[in-house]
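Here the structure comes first, spelled out in structure tokens, and everything after it is commentary.
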Amino acid sequence: WLGINCLLLLLAYPFIPMIERLFGFTSDITLTELSDMNKPLLKEMSIKAPGTLQHSLQVSNLAEAATDRIGGNSLLVKVAALYHDIGKIASPQHYIENQSGGNNPHLEMNNFESTKMIIDHVTEGVKMAKKARLPKVIIDFILSHHGTTRVEYFYRNQLKEDPEHNFDESLFRYPGPNPVSKEETILMMADSIEAASKSLKNPTGQDIDQLVDKIIAFKLDHHQFDDSTLNFDELEKCKNTFKSLLRSIYHVRIEYPEEPKQTA
């Protein structure tokens, strides 16, 4: 019996992928393997889009910590964050984190062309993920990490050029869907917060708190969390975690109260 059990244990590992496909779930073993930075897609990203890789690593840290705080599947969101922007590999120079002060190709494009290029990283990411046979649960994160939000920068540029709004606003929106699971919702927040935090120069703790509150309020106002299973208590815990981590990243010091002025 001992020998048979040892044999079954040895056979279990190679059969895991088949069992996952058969029953439609993704094991922690598979997720751990996908987090290996030598995996083809992650290695390709490190070479072709190093700025995107650094962004993904930061998003992964933020999302993992927030998911841990609410008791969610932190390994799943950590791995999903590593792959959520793989579509940028197809055209890395069109994304600011990969430009390194060089030429910006969007200067030669109109707002509609630029928007399509930005949105395409979602559809390209799904194609790459399917080709690499990534689990469906990871593909769901790629599809939902921008929900149905607008590409605000180019949308607002177009409004300046055409104040009468004689254009189709839907052309500036990601196709969605909106996030459903708690982990998908957290990844959406972490992605937007990490990207926006890059614009902060020597931020104070108050600057960071305002940024996190503003971004999450924007998502709520634009109905991005309407289908989410994340409740408001968990949302508040996530916000506090993001604020705490960003303060550590930017080495924010304690803000001492000003010394009261002495009267003569």
Long-range neighbours under 6 Å by Cβ, at least six apart or interchain, first residue modelled with pLDDT under 95 within the stretch 195-211, second loosely packed, with under 13 Cβ neighbours inside 10 Å and part of a loop (DSSP other than H, G, I, E, B): Gly205/Glu255
Restricting to the stretch 220-264, count the residues that are of a type in the set (Gly, Ala, Ser) and modelled with pLDDT under 95. 2
Is it the case that the stretch 174-189 has a residue that's over 28 Å from Ser74 (Cβ atoms) and within 20 Å of the chain's Cα centre (by Cα)? no
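Residues of the stretch 13-41 being among the small types (Gly, Ala, Ser) and in contact (Cβ under 8 Å) with a residue 60 or more places away in the chain, which ones?
Hit for the stretch 13-41 is Gly24, nothing else.
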Just to be sure I understand, how many residues within the stretch 19-45 are open to solvent by 50 Å² or more (accessible area, probe 1.4 Å) and under 25 Å from Leu245 (Cα atoms)? 3
Looking at (1) touching an Asp or Glu at 6+ places or on another chain (Cβ under 8 Å); (2) of a type in the set (Ser, Thr, Tyr); (3) free of Cβ contacts under 8 Å to residues at least 60 places away in the same chain; (4) under 21 Å from Leu187 (Cβ atoms), find the lone condition where Thr123 falls short. (1)
On the basis of being assigned to a helix (DSSP H, G or I) and out of contact with any Phe, Trp or Tyr (no Cβ under 6 Å at 6 or more places or on another chain), does Met128 make the cut? yes
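The values are calculated or read from the model by the stated rules, or taken from the named source; none is laboratory data. Remember, predicted model here, so these are calculated numbers, not experimental data. Virtual Cβ from ideal backbone geometry, glycine too; neighbours counted across all protein chains shown. When the accessible area is computed, the model is the full protein with side chains, heavy atoms only, and any ligands, DNA or RNA have been set aside. Shrake-Rupley method; radii C 1.70, N 1.55, O 1.52, S 1.80 Å.
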